[in-house]
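Working notes, beginning with the structure itself.
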Number of protein chains: 2
Amino acid sequence: MLTYCIRRQLSVFSRVNCNISPLHELLQFCKQYGKSSDGGSDPASGMLQVLQRRFFIPPDHHHAVSLLKGKTCAYGPLGVDLKRNMLEQWWSAVVRSRPQVFGISTLHGVGAKGAGEVEDLLNQRDLNKEELGERASELLRQRHPFRTSLLQGALAQYVPSLELTNRKLPFGLAETGLCYRPEDDESDAIGCSSEVTEASLTWFCSPRTSSQWLDYWTRHRLQWWRKFALGPTDFSVCDVRDEELNKSAFRGVKVLYQFPWGTETLETLWMLGDAELLRNHTGKQAELQCRDGKKIVLPHILALSANVDRGVLAVLFNSLQHIQKVDSKQRLHQRTVLKLHPTLAPVKVALDMGKGSTSELRQVCEGLLHEFLEVGISAWPGYMDTTQSSMDKLHTKYDEMGVLFTVMVGENTLENGLLLVRNRDTTIRETMHISEIRQFILKYISTAENV
Amino acid sequence: MLTYCIRRQLSVFSRVNCNISPLHELLQFCKQYGKSSDGGSDPASGMLQVLQRRFFIPPDHHHAVSLLKGKTCAYGPLGVDLKRNMLEQWWSAVVRSRPQVFGISTLHGVGAKGAGEVEDLLNQRDLNKEELGERASELLRQRHPFRTSLLQGALAQYVPSLELTNRKLPFGLAETGLCYRPEDDESDAIGCSSEVTEASLTWFCSPRTSSQWLDYWTRHRLQWWRKFALGPTDFSVCDVRDEELNKSAFRGVKVLYQFPWGTETLETLWMLGDAELLRNHTGKQAELQCRDGKKIVLPHILALSANVDRGVLAVLFNSLQHIQKVDSKQRLHQRTVLKLHPTLAPVKVALDMGKGSTSELRQVCEGLLHEFLEVGISAWPGYMDTTQSSMDKLHTKYDEMGVLFTVMVGENTLENGLLLVRNRDTTIRETMHISEIRQFILKYISTAENV
């Protein structure tokens, strides 16, 4: 048997999926407002069809548009689990494994000042109706009562954190959560969401080490993204050019992903100095000071912020494989597989019934399902779907869902406890005893995690 | 040695903690607007002091007020982990262990319609300035661009979910996330947040079973809350009285917690019939229908919604013990312990150094810390705090943080690998070999989980 593996060969891919016009339309729309317009939109529309068909996102177009634009969208059950797994991995790598990083959680709202301002304006007597109208509209447009980044929250928690860390540098404050990006006016027009899920680390270090720390975190973040990648070279980093730096940043680095339509930023790392800290502090400067060994210093800040929604999209694009196989009779078979990393895959096992006594097989499936769920292996109860489906169709479905293993319970299982277990990546089927399967899958996942 | 255990004996408790006036003030304020005004405010202020001192919440008063009022506040590192653990337990009990419940994630914003409405108003020519001002203020007050419950999101995902479930009842859609409660006008005045973290299950079932399902979920939810309780009887359920039911609800149940100042609602369960589903659907009614065995029916809805922030507060109050001990010399010792359930406790182990060669002991601590973190045991690096502190002070601190075990690395450890391990709940210290400690703690937690 001969296997061709064509990764990101877009021409082949797009030919298969170019028959759906509404998606094509909205992608044209996206492209119009997107950062780059090279590359076709069809690989993206093919990807989105898979995501909609397989419960990653709901079928409404605006969710697909939002995701393509790097915004949060409503997620279906598989999308929820993929995003949860990514956030969990980020938290584990950045917070849980580091004694000097502390998780925080801050409010989404940034005060109701906006509302008061508008009311003040409406009460001004020397404005005529037109002026009032204009000024009120202006204020309303500018009014962002919700946070646009997680940095401000971390800066507000800096002083209370000093007791925790004994004023010793370096340390970090981490948070994951929703931010609002209403500045993107075109988004509204196409029904795109203005919400983004961010994962942010604010790192406080001595001025003399801030450049080294930026290099350290750049390496760490690139490695983290690549850890889950099938094609690691699609993830890269680049320095932000001087003209792109805002006034409080000395240096900046971006983690990029090469999407079919161009390169997009997944994460930014800014070296901010101490300006932000001073701007946000009304008390004495001494209250901000920390210890760097025996010296007393005002810390410098590195602000890391990843767009988790765009990260989800990057991981999905990166793991999509379109495989062609020629069987022994020279027939061509095409296979679309989401080869998601075992730790990220939303469904680890699908459980299905073969032929045989339905009620007995069902009981075995139910028992096995609960055994999986008990040890935290997310399992898909395929046996509950009573619509007839061929094995080929079942495998197509599970491959597109990124399911690691398909376990078949059949007559054989009732006789001798043997299951048929199919591996997503190798497509090899092997028999395994029902008593071994849990341990086998747990080991498979933990091995992949520690590579 | 004689031990008195005085749980919720408020008189003793309040005498210890009544010396802080700003907190007292704000609690008076809260009480004024709170649901009930019986019970003193001192036990609450004592609790809040512990939470502020031990990094559960930041020291600013408005965070404490928000939490007392059942709203989200900024959380410090320990608060973040406690809330994460609770959300994780909820997700595991409601979603992950049930094949017929699917996790979803919907947008926080509910469209930017409000802004347009205001602009329309400002463009109306037949209004005079005063009318314009009034109407605009009114609109601004009413403008809630963000979701106030998770139910609407679940209803919007109902039709896309039908393919997933093969139109078979019952099934559920679950989501956890932030909701906004701006209706509470007094909150703004005292700087209280208008954000609440909710955990919501929308359960679709056949009309004939909806009452049984309400009973089932009521039992489930009460059991879940009580599972983590030191004093389970403080959690209770009650039926919502007919006059409190809104027009679309047939029945309602509340899960309550008995706080020192009165009873508050942690969770509501509404039996909503099919009205909400029909109201939110513009297509044919047949698109909403499901299978109940062989019958085709329009499902009824149960809407469960828990206030996770108030839940965090309830769990904290429930786990706080004030213990008096009389030692062999008839001296009275007082001890405040947060006896948080082992699965919820934000820190499982604190690691500290005894006397001896600092650099060598430190190395052992660092190695052990990473061993703990590797297997997901959250550990507190007490050895990094170089300020001198007596053992008594250390235990007071860790007891108030709810740390399950305090592990001391000393000279002994360097010689024969033995550690001194103190149990939070029994205060008993035992020696244990360094090679056994990880397994011991993992087993302790998993045993508590499965009780």
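Laboratory data are not the source of any read-out in this text; all were calculated from the coordinates shown. Since the structure is predicted, the reported quantities are computational estimates derived from the model, not experimental observations. Positions of Cβ are generated from backbone atoms using ideal geometry, with glycine treated the same way; all protein chains shown enter the neighbour counts.
Provide a whole-number value for the mean count of partner chain Cβ atoms within 10 Å of the Cβ atoms in peptide A:153-165.
Working: counts 1, 0, 0, 3, 5, 0, 2, 9, 4, 0, 3, 6, 2.
Per residue, the average neighbour count from other chains is 3.
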Principal axis dimensions, region A:215-255 - Cα atoms, whole angstrom, descending: 37, 18, 10
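Sort A:MET401, A:MET384 by Cβ crowding within 10 Å, fewest neighbours at the top.
Working: A:MET401 22, A:MET384 18.
By the 10 Å Cβ count, ascending: A:MET384, A:MET401.
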Using a label position 7 Å from Cα in the Cα→Cβ direction, what is the ascending list of nm distances from B:GLU374 to the same site in the other copies? 2.8
Taking 0.36 nm per residue of sequence separation and subtracting the Cα-Cα distance, how much length would be gained by fully extending the chain between B:TYR444 and B:SER357, in nm to one decimal? 28.2 nm
Local electrostatic count, A:LEU169, Cβ distance below 9 Å [Lys/Arg +1, Asp/Glu -1]: +2
Label 7 Å beyond Cα on the Cβ vector: A:THR427 copy-to-copy distances, nm: 6.8
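Take every residue in peptide B:71-79, count the Cβ atoms of other chains within 10 Å of its Cβ, and give the average of those counts. Spell out each step's value before the answer.
Values: counts 1, 5, 3, 9, 7, 9, 11, 3, 3.
So the per-residue partner count for this stretch is 6.
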Cβ-placed point charges (K, R +1; D, E -1), dipole of region A:252-378 about Cα centre in debye, nearest 20: 440
Charge context of A:GLU198, other residues only, Cβ under 13 angstrom, K/R +1, D/E -1: +1
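Over region B:280-430, what is the relative contact order in percent, taking alpha-carbon pairs closer than 8 angstrom and at least six residues apart?
Value for region B:280-430: 21 percent.
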Distances in nm, one decimal, shortest first, from B:SER328 to the same residue in every other copy, taking the label point 7 angstrom along Cα→Cβ. 8.4
Nitroxide proxy distance, nm - points 7 Å out along Cα→Cβ at A:GLU287 and A:GLU430: 6.3
Going fewest to most other Cβ atoms within 10 Å around each Cβ, B:SER210, B:SER357, B:SER248 line up as B:SER357, B:SER248, B:SER210
Of all chain A residues, the one whose C-beta is nearest the axis that brings A onto B, in angstrom: A:LYS129, 2
So if I take the centroid of the Cα atoms in region A:200-218 and the same for region B:273-338, what is the distance between those two points in Å? 41
Average partner coverage of B:81-92, which counts Cβ from other chains inside 10 Å: 1
